[in-house]
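What follows is a short report on a single structure.
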Amino acid sequence: MSGPEISSSRLLDRVAGLGRVGALSGGGVCRLALTDTDRAGRDWLVAQMEALGLTVSIDAIGNIWGLRKGLVDGAPVMMGSHIDTVATGGLYDGALGVLAGLEVIAALNEAGITTHAPLAVAAFTNEEGARFAPDMMGSGVYTGALDREEMLATVATDGSAIFGEELDRIGYRGSDMPVTPAAYLELHIEQGPVLEREGIRIGAVTGVQGISWTEYTISGQSNHAGTTPMALRHDAGVVAAKIALAAHEIAADLGPPQVATVGVFELSPALVNVVPEKARLTVDLRNTDNDLLKQAEARLQSAAEEAASAHGCTIARRSLARFDPVAFAPQVIDRVEAAANARQLSVKRMPSGAGHDAQMFAPACPTAMTFVPSKDGLSHNINEHTEVQDLVAGAQVLLDVVLDLAGG
Ligand code: HGY
Ligand code: MN
Ligand code: MN
Ligand code: MN
């Protein structure tokens, strides 16, 4: 009986299968958390898990995991990620980690191998946080890092829905109790330019940088664009603009790896001849160094308060997400590196710029992430792409580390 082999055609079939769910006419996918396309993706995934003989569980926040028995009972080695996407999503962000997990199971089934420890493949609810903040919500509740009832009561950032009601609407509020894995492994696209630029096949991820999401709501006074002297205006729009500029100036001043993104920027009443009465914007700040991230947050807050008072506006700050930087266990990073070397795949240790479900597992169990290159470093973009040989290489490393940890 030959060893288990990753099949590129099986993997690509599943990438295409899930990619048809929420497919956008111009390419890419949109499966925002708890929407009908997310439900369709979940239905597709549960069917795939059952077809592989996995026992499917769903918990109270909609996390889905399929269990494969081992020779002994006990904590499973878990492979996971997410299948929800941003609105301009690609085929691989999150999906690759779940689909490669299914492919590992398929390869073991085909080879007739039962690992010593049980295995699990998981898809966590609302990793993106794009519709309901914070991100990594499902994995945060699964591991106890986030409070379940608080998350279920979360209102969508645009005010349009309540998390728990949407979860019920799509029929994915389960009651199974999460199991703490013996180890958690996540294969993910890098979503950045480093591996491609350096011509390296595999990233052995050392950790995840700190994340800070803030929403500012500014209230001024609508007024006539033609008759109102500049000194008499309470222009919420210019306050928002100054906050957005301050975010970028802070990132430039601190230098890499500090990043700043103003993703939401809304004015009201948004009419050409009316001084904006209201503004809402979000600022995403990240840094591998928590002290520098706190410095950036403090500088942003004082810039926001200064701008609001200079223009006679009031300002409300709401934290949407705040996660400290996380380091993965060196002994598991070593295993990713060793698996890549054993397959003569070039490998590099590197931090993750993006947030991931793995960061929620790091405090709970040995956790590792493996990256594969992103073409042109693109992600959260419909043109996100990773070459098939890199998808397969990542899945092979995942298989080897799973066999290493679960015994097979
Ligand atoms: O924002 C992030 O880094 C993740 O994709 N949710
Ligand atoms: Mn992701
Ligand atoms: Mn993402
Ligand atoms: Mn992510």
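Values quoted throughout were computed directly from the atomic coordinates according to the rules given, and no laboratory measurement underlies them. Predicted, not measured: the structure shown is a model, and the values here were computed from it. Note that we place each Cβ from the backbone using ideal geometry, even for glycine, and neighbour counts take in every protein chain shown.
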Residues being in a helix (DSSP H, G or I), within 20 Å of Arg14 (Cβ to Cβ) and within 16 Å of ligand 1 (Cβ to nearest atom) - total across region 79-137: 4
Set Ser309, Ser379: member being surrounded by fewer than 15 Cβ atoms within 10 Å (Cβ to Cβ) and more than 23 Å from Ala120 (Cβ to Cβ): Ser309
Tyr92, sole failed condition from (1) farther than 17 Å from Leu398 by Cα; (2) within 16 Å of ligand 3 (Cβ to nearest atom); (3) not basic (Lys, Arg): (1)
Members of region 325-341 found to be surrounded by fewer than 16 Cβ atoms within 10 Å (Cβ to Cβ) and touching a Gly at 6+ places or on another chain (Cβ under 7 Å), listed by number: Ala327
Any hit, region 391-402, residues being more than 16 Å from ligand 2 (Cβ to nearest atom), closer than 26 Å to Ala16 by Cα, among the hydrophobic types (A, V, I, L, M, F, W, C) and touching a Pro at 6+ places or on another chain (Cβ under 8 Å): yes
Thr88, sole failed condition from (1) of a type in the set (Val, Ile, Thr); (2) more than 12 Å from ligand 4 (Cβ to nearest atom); (3) crowded, with 21+ Cβ neighbours inside 10 Å; (4) within 30 Å of Ile382 (Cβ to Cβ): (3)
Filtered residues of region 230-270 (kept if part of a strand (DSSP E or B), more than 29 Å from Ser352 (Cα to Cα) and in contact with a helix residue (DSSP H, G or I) (Cβ under 7 Å, 6 or more places away or on another chain)): Leu267
Meets criteria (aliphatic (A, V, I, L, M), within 16 Å of ligand 3 (Cβ to nearest atom) and touching a residue at least 24 places away in the same chain (Cβ under 8 Å)) for Ala307: no
Boolean, Leu345 is within 15 Å of ligand 2 (Cβ to nearest atom) and surrounded by fewer than 21 Cβ atoms within 10 Å (Cβ to Cβ): no
Identity of the residue in region 281-305, in contact with a helix residue (DSSP H, G or I) (Cβ under 8 Å, 6 or more places away or on another chain) and surrounded by fewer than 20 Cβ atoms within 10 Å (Cβ to Cβ), that ends up nearest to Gly207 (Cα to Cα): Leu292
Enumeration of residues in region 366-388 that are touching a strand residue (DSSP E or B) at 6+ places or on another chain (Cβ under 6 Å), closer than 26 Å to Ser25 by Cα and within 13 Å of ligand 1 (Cβ to nearest atom): Ser374
Residue check for Ser175: more than 16 Å from ligand 3 (Cβ to nearest atom) and either in a loop (DSSP other than H, G, I, E, B) or among the hydroxyl-bearing types (Ser, Thr, Tyr) (or both): yes
Test: residue in region 339-353 that is under 20 Å from Val205 (Cβ atoms), over 26 Å from the mean Cα position of the chain (by Cα) and assigned to a helix (DSSP H, G or I): yes
Evaluation of Cys30 against (1) crowded, with 23+ Cβ neighbours inside 10 Å; (2) touching a Gly at 6+ places or on another chain (Cβ under 6 Å); (3) under 24 Å from Leu152 (Cα atoms) (one fails), failing number: (1)
Residue ID - nearest to ligand 3 (Cβ to nearest atom), chosen from residues in region 183-205 that are assigned to a loop (DSSP other than H, G, I, E, B) and of a type outside the set (Asp, Glu): Gln191
Some residue of region 147-158 being part of a loop (DSSP other than H, G, I, E, B), at negative phi, within 12 Å of ligand 1 (Cβ to nearest atom) and hydrophobic (A, V, I, L, M, F, W, C): no
Qualifying position, being away from ligand 3 (no atom under 16 Å from the Cβ), touching a strand residue (DSSP E or B) at 6+ places or on another chain (Cβ under 6 Å) and either in contact (Cβ under 8 Å) with a residue 60 or more places away in the chain or not aliphatic (A, V, I, L, M) (or both), among Leu403, Leu398, Leu391: Leu398
